[in-house]
Amino acid sequence: MSMFHSMNNTASALTAQRLRMDVISSNMANADSTRSVNGDGPYRRKSVVLEPKEGQFSSFLNMAMSRRGESSAGNGVKVSRIVEDRETPTKMVYDPTHADANEDGYVEMPNVDPLREMTDLISATRSYEANVTVFNASKGMMMKALEIGK
């Protein structure tokens, strides 16, 4: 395990949480978009799928701990994909003056729930802040180790 292993893990988490925040802000920005880029209906909520990184920083310690039935030290996190929510139904709003209204006067609105987006944003922000704290703690320990060598 390298001296920078914890920083690499934390950096991957910071990158993943930053992408989560970007996708959430995109969802909020498009909460009233009745046309998608493809023109196939309203905007659909997107979400980030995270998964653990595997094998990139494998070490003897990881292998030894996993053989004993304990969890490994970990290799960080990566974004596996960004998925579009096709399961949550869109909302039909009556507005006959809207340009995208159907023949009955209803407009199909995006499936973005601002309350859910704000909850997800708070979660991503807290995770980001926690990882910044971990990164700073690792940096502080490394600085103290360098001071010992003086």
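The values are calculated or read from the model by the stated rules, or taken from the named source; none is laboratory data. The model shown is predicted, which means the values in this text are computed figures rather than measured ones. Cβ placement follows ideal geometry from the backbone for every residue including glycine, while neighbour counts extend to all protein chains displayed. We work out accessible area using only protein heavy atoms, side chains counted, and drop any ligands, DNA or RNA first. Shrake-Rupley method; radii C 1.70, N 1.55, O 1.52, S 1.80 Å.
Observations
- Considering residues of region 71-117 that are touching a helix residue (DSSP H, G or I) at 6+ places or on another chain (Cβ under 8 Å) and of a type in the set (A, V, I, L, M, F, W, C) only, the residue farthest from M28 (Cα to Cα): A73
- Subset of region 1-45 that is open to solvent by 70 Å² or more (accessible area, probe 1.4 Å) and among the acidic types (D, E) - its residue that is farthest from the chain's Cα centre (by Cα): D40
- Selection within region 46-62 - modelled with pLDDT of 60 or more and open to solvent by 80 Å² or more (accessible area, probe 1.4 Å): P52, E54
- Tabulated pairs, region 107-136, first of a type in the set (D, E, K, R), second open to solvent by 80 Å² or more (accessible area, probe 1.4 Å), C-beta under 8 angstrom, 6+ apart or interchain: E108/K91; E108/M92
- Entirely in region 73-127, the strands (runs of 3 or more DSSP E) that have 1 or more residues that are open to solvent by less than 90 Å² (accessible area, probe 1.4 Å) and small (G, A, S): 77-84
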